[in-house]
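Visitor: Once you've had a glance at the structure underneath, I'll fire off some questions.
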Amino acid sequence: MAPPKGGYAPSLEKFLDTLKSRPVDASVEFLISLLKRRQIRGSESCAIATAHILLQVVAKDKWIDVDQLLGRIQLVGRKLVTAQPHELAIGNIVKRVLGLIRDEASEDRNDTGNDPLADASPAPIPGAETTNTTLGKLPRPSPAVAAGPFARTQSIFNLLSDPDSIPSAGSTPVLGSGASSPRGHGQFTNVHALRSEVIDGIEEIMDEIRQVDEQVQAYADVVINPGDYILVHQPSKTVQKFLTRAASKRRFTVFLVADPSALSSTDDTYAPFRKSLSAGGSTVINVMNAGLMAYMSKVNKVILGARAIGSKGGVIVDAGAAAIARAAREQGRTVVVLGGVYKLSPDSQFHQEGLVEWGDPSKYVNFADGAMVERVRVMNAVAEFVPADLVNTYITNLGAHSKDHLHTIVADHYKEEDVNFDLLRKIPR
């Protein structure tokens, strides 16, 4: 679908603004086009966009039972994941919403006085005065409560020592995935109550995503000590806020490894970051990849931002970080990965080659190098895979974890029937 008129490049904010005036199917197609063209990119932006579009599906579509709603979410989820399979957060949010629907439907079926085939018309879009208390149900526990002991601020060392067919809006889907709810019960669902509960749940997921950076940075004082030498690679917003929080209370040295073109450009991406650290008395030293090993012997910890985290501990990172993790392992340095729970993928079938994302090589070789362009194929990796054995600690908005604890977080946030649901399966025409 063509982007909206107005003379501007679409972005996440502009996409969200269009949701009120567009039909659901048009919004889905618009998001697919933005994902394919990478006009919406990054785990957080993709997760928020996915949550918003699924909320629109729940609120605006006409469905009369749980099976129809699950099938519709599965179909939209497949389209979004196929549009941009490298953004694993998209599939994570889809599966979180599927699990949310199952939970709410299960509670609804246990309630008395359900109204069969009640109000199947779309409920008001979020913002309407519908609350859990008006429906007579207890509020859903927050992620921190569900996390149990992981939500407590403790020493990292104490934490790590713990053991441990396409459906349409108006037709009943038959996906054959084994992921649908039990048949024969959907027609007894109180649609209006279920719709309101699922909308509330999706809004909670969106709130969780927005609060990740604030919650992760609360652990900075535990991880970083005065006088530490910290190495970071192309620090994400989460990593920058994490270090800025630590720098407000103590002084340390940061080795900043970034793309040479980013450091030499007039628009220095990391200038505000360096300024915030320097204001607290900490030191920032720019390091080129070629000279990395000369500094590694002085480093105490390597802190990396995750694009995605696998349930077995493998991490998708910006290209170049894998070499740093291997160097840290050789020198016996601690590698810490930061990322919200929404980046934790239940998919354990991480294929390293398939997860490497390739980008535009023109910043390294352009058509001015005619002889080289004609004879050499230049490949520029944008993202790559870091095996779990190169990572020591994972810090999420629920606390610090070892790789052996990640599967318990997955179990808390995803339903078993959704974990192995193949969102990349070909969509029949």
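The values are calculated or read from the model by the stated rules, or taken from the named source; none is laboratory data. Predicted model, so just to flag it, every value in this text is computed and none were measured. Here Cβ is always computed from backbone atoms with ideal geometry, including for glycine, and neighbour counts include all displayed protein chains.
Visitor: I'm told I205 meets every condition in (1) more than 30 Å from K62 (Cβ to Cβ); (2) touching a helix residue (DSSP H, G or I) at 6+ places or on another chain (Cβ under 9 Å) except one. Can you identify the failing condition by its number?
Guide: Failing condition for I205: (1).
Visitor: Being among the aliphatic types (A, V, I, L, M) and assigned to a strand (DSSP E or B) is the filter here, so list the residues in the stretch 286-336 that pass it. Give the derivation first.
Guide: Keep residues of the stretch 286-336 that are among the aliphatic types (A, V, I, L, M), which gives 287-288, 290, 292-294, 296, 299, 302-304, 306, 308-309, 315-317, 319, 321-325, 327-328, 335-336.
Listed by number, the residues that qualify are V287, V302, I303, L304, A308, I309, V315, I316, V317, V335, V336.
Visitor: In the stretch 47-63, is there at least one residue being assigned to a loop (DSSP other than H, G, I, E, B) and over 18 Å from V76 (Cβ atoms)?
Guide: Step one: list which residues in the stretch 47-63 are assigned to a loop (DSSP other than H, G, I, E, B), which gives 61-63.
In the following step, the residues that additionally are over 18 Å from V76 (Cβ atoms) were identified as none.
Looking for residues that are assigned to a loop (DSSP other than H, G, I, E, B) and over 18 Å from V76 (Cβ atoms), one finds none in the stretch 47-63, hence no.
Visitor: Next question. What residue, of G291, G280, G227, is on the phi > 0 side of the Ramachandran plot and either touching a strand residue (DSSP E or B) at 6+ places or on another chain (Cβ under 6 Å) or outside the structural domain of D103 (by TED's automatic domain parsing) (or both)? Spell out how you get there, then give the answer.
Guide: Working: G291 fails: on the phi > 0 side of the Ramachandran plot; G280 fails: on the phi > 0 side of the Ramachandran plot.
That would be G227, the only listed residue that is on the phi > 0 side of the Ramachandran plot and either touching a strand residue (DSSP E or B) at 6+ places or on another chain (Cβ under 6 Å) or outside the structural domain of D103 (by TED's automatic domain parsing) (or both).
Visitor: Given the criterion part of a helix (DSSP H, G or I) and surrounded by fewer than 19 Cβ atoms within 10 Å (Cβ to Cβ), identify the matching residue among E197, E203. Full working, then the answer.
Guide: Details: E197 fails: surrounded by fewer than 19 Cβ atoms within 10 Å (Cβ to Cβ).
After ruling out the rest, the residue left standing is E203.
Visitor: Across the stretch 297-309, what is the number of residues that are crowded, with 20+ Cβ neighbours inside 10 Å and either modelled with pLDDT under 90 or within 17 Å of R333 (Cα to Cα) (or both)? Can you show your working first?
Guide: Filtering the stretch 297-309 for residues crowded, with 20+ Cβ neighbours inside 10 Å gives 299, 301-309.
After this cut, where a residue has to be either modelled with pLDDT under 90 or within 17 Å of R333 (Cα to Cα) (or both) as well, the list is 299, 301-305.
Residues in the stretch 297-309 being crowded, with 20+ Cβ neighbours inside 10 Å and either modelled with pLDDT under 90 or within 17 Å of R333 (Cα to Cα) (or both): 6 in total.
Visitor: For residues that are among the charged types (D, E, K, R) and surrounded by 14 or more Cβ atoms within 10 Å (Cβ to Cβ), scanning just the stretch 8-28, find the one that is farthest from the chain's Cα centre (by Cα). I'd like the intermediate steps shown before the answer.
Guide: Looking only at the stretch 8-28, we keep the residues that are among the charged types (D, E, K, R), and these are 13-14, 17, 20, 22, 25.
Subsequent filtering for residues that are surrounded by 14 or more Cβ atoms within 10 Å (Cβ to Cβ) retains 14, 22, 25.
On the way: K14: 20, R22: 25, D25: 23 Å.
It comes out as R22.
Visitor: Quick one: which of V191, V212 is buried (at least 22 other Cβ atoms within 10 Å of the Cβ) and at pLDDT below 95?
Guide: That would be V191, the only listed residue that is buried (at least 22 other Cβ atoms within 10 Å of the Cβ) and at pLDDT below 95.
Visitor: Considering only the stretch 393-411, I want to know if a residue exists there that is farther than 19 Å from A89 by Cβ, surrounded by 15 or more Cβ atoms within 10 Å (Cβ to Cβ) and at pLDDT below 90.
Guide: No, the stretch 393-411 contains no residue that is farther than 19 Å from A89 by Cβ, surrounded by 15 or more Cβ atoms within 10 Å (Cβ to Cβ) and at pLDDT below 90.
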